[in-house]
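Below you'll find the structure, written out as structure tokens, and then a few comments.
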Amino acid sequence: MSTDEQILTTTSSVAPATECSPDEYEMVYHKPTTLVDVSMHYCPGCAHSLVHKLIMEVVEEENIQDKTIGIAPVGCSVFAYDYMNIDMQEAAHGRAAAVATAVKRLMPEKYVFTYQGDGDLAAIGIAETLHAINRGENILIVFMNNAVYGMTSGQMAPTTLPGMKTTTSPDGRDTSFYGSPIRIAELMAQLPGAYFVTRQAVNSANAVRRAKKALQQAFRYQQLHKGTCLVEIIGNCPSNWKMTPAEASKFIDEEMVKTFPLGDVKVPAATANNKE
Ligand SMILES: Cc1ncc(C[n+]2csc(CCOP(=O)(O)OP(=O)(O)O)c2C)c(N)n1
Ligand code: SF4
Ligand SMILES: [Mg+2]
């Protein structure tokens, strides 16, 4: 859809859409101007594109496009900088939180966020992430947990579910051999530098609304300089899960949330709970 295209709804109760004049429509949705108007390379139904859009909607609505700097990861979302129309910096695999630390310390007035998959953040980058949060860096970490290394064809990640088949656990993840999935949100929330930690999903309209609200809250908290915000989002990988997007959405509701329950994990004192 081009930026000129909009979803319109008629204010008239009788006239068919094809016969309405533009004056009779009201705009109910437009693609955020903060998204570059190009096709994305993601597989059909992949959550990365949707979460890119949510972040950019928040940036547009908060009117912070020229004050926001994103750090892109290595993984399927490596080209996030081609889609988000803001200043962005690529980081080496797993190092996004360290790069974000430098950017934020040099430009404390900017809104700085990382966008990272679970291979990037929870495997190769877990040390950088943990230390950045322990230092209470005033950054937002957006963590896309799809339980596999999507880009490299679906290997087991630290977040792979018990018994889940991947290309490197063809018989299913055996936790007695590989350990159990790491709950990044709960782990990081224990650190004193963590200010706001939540786990959300985007596999239904209501989940999308809650995820967007969490992202908006996290961007607003960054103004307070109180510590790190971590928004974990249960994504998907229909291609490597070998499911249709609809099956992947069901899998999240029926399986992923058993290991990764949705809701706020750590909230600033005196704020409302956002649990399911
Ligand atoms: C230092 C280094 N090690 C390994 C790789 C190979 N590699 C590229 S992406 C990736 C995993 C990406 O998985 P994830 O972060 O979960 O992102 P997803 O593709 O699932 O969104 C790996 C291991 C690399 N590029 N650099
Ligand atoms: S491989 Fe998986 S994570 Fe990567 S774009 Fe395709 S569906 Fe998305
Ligand atoms: Mg992944």
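Bear in mind these aren't lab numbers, they're just calculated from the coordinates by the rules spelled out. All values reported here derive from a predicted model rather than from experimental measurement. Glycine also receives a Cβ, built like all others from the backbone with ideal geometry; neighbour counts cover every protein chain displayed.
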*Using helices alone, what [θ] at 222 nm do you get for the chain, with -39,500 (n - 2.57) per DSSP H run of 4 or more residues, divided over all residues and rounded to the nearest 500?*
-7500 deg cm²/dmol
*In a shell of Cβ-Cβ distance under 9 Å around residue 161, excluding residue 161 itself, what net charge do Lys and Arg (+1) and Asp and Glu (-1) give?*
+1
*asked:* I'd like the GluC sites (Glu not before Pro) in the range 91-172 restricted to DSSP loop residues with at most 12 other Cβ atoms within 10 Å, sorted by number.
replied: 109
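If you count the DSSP beta bridges with both ends in the chain, what percent of them are antiparallel, to the nearest 5? Walk me through the intermediate numbers first.
Working: 12 of 38 bridges.
Among the beta bridges of the chain, antiparallel pairing accounts for roughly 30 percent.
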*For residue 202, what is the net charge nearby, where nearby means another residue's Cβ is under 11 Å from its Cβ and Lys, Arg count +1, Asp, Glu -1?*
+4
*Work out the P(r) tail for the chain: percent of alpha carbon pairs separated by more than 25 Å, whole number.*
45
_Selected from 71, 261, 32, residue furthest toward positive end of dipole (the chain; charges at beta carbon)_ = 261
*Each residue of the range 48-64 in order: what ³J(HN,Hα) in whole Hz does its phi give by Karplus 6.51 cos²θ - 1.76 cosθ + 1.60, θ = phi - 60°, with x for Gly and Pro?*
4, 5, 5, 6, 4, 5, 4, 4, 6, 5, 5, 4, 5, 5, 7, 6, 10
_Ranking request for peptides 62-71, 167-176, 195-204, 239-248: highest mean number of other beta-carbon atoms within 10 Å first, then the rest in descending order._
195-204, 62-71, 239-248, 167-176
*Compute the signed sum of charges (Lys and Arg +1, Asp and Glu -1) over the other residues within less than 11 Å, Cβ to Cβ, of residue 78.*
-3
